[in-house]
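Below: one structure, written as structure tokens.
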Amino acid sequence: QPGGLTPVERRILEVERRRFKHQGSKEKAIIAAGFTPIAYYQRLNVMLDDERVRAAAPQIIDVLRARRDTD
């Protein structure tokens with residue numbers, strides 16, 4: 001999908017946009033989105049370095065990059 005996000009990328013960003021109050025809630029959302037947690041985070045990490053994804057969702061990607069860089 002030239003210039004756009006793939007369905008997988010859109011699903012991951014949808015999960016990342018949500019706020020989770022309870023421990024385990026995000027993991028349940030990841031599984032409900034069709035991923036294993038390991039596959040989800042591997043894919044998310046690749047997405048953080050993809051300027052095409054950043055162009056589509058700059059605020060969320062910048063926050064996630066900053067969080068990753070402090071860990």
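The values are calculated or read from the model by the stated rules, or taken from the named source; none is laboratory data. All values reported here derive from a predicted model rather than from experimental measurement. Note: ideal-geometry Cβ built from the backbone for every residue, glycine included; neighbour counts use all protein chains shown. SASA here: full protein model, heavy atoms, side chains in, ligands and nucleic acids out. Shrake-Rupley method; radii C 1.70, N 1.55, O 1.52, S 1.80 Å.
What to note about this one:
- Between helix 7-17 and the chain: long-axis angle, C-alpha atoms, 0 to 90°, nearest 10: 60
- Sequentially through segment 59-71, phi angles give Karplus couplings (6.51, -1.76, 1.60; θ = phi - 60°) of 5, 5, 5, 5, 5, 5, 4, 4, 4, 4, 6, 8, 7 Hz, Gly and Pro residues having no value and appearing as x.
- Area of residue 60 that stays accessible when all protein chains are in place (1.4 Å probe, Å², to 10): 40
- The value for the chain of Rg(Cα) / (2.2 N^0.38 Å) is 1.08.
- Near the amide H of residue 50, within less than 5 Å, lie no amide hydrogens of residues on another chain or at least 5 residues away, with H placed in the peptide plane.
- Largest-first ordering by accessible area, 1.4 Å probe, given options 53, 63: 63, 53
- About the Cα centre, charge dipole magnitude for segment 21-71 (Lys/Arg +1, Asp/Glu -1 at Cβ), debye: 220
- Residue-by-residue Karplus 3J(HN,Hα) for segment 41-57, coefficients 6.51, -1.76, 1.60, Hz, glycine and proline x: 5, 5, 5, 4, 4, 5, 4, 4, 9, 9, 5, 5, 5, 4, 4, 7, 8
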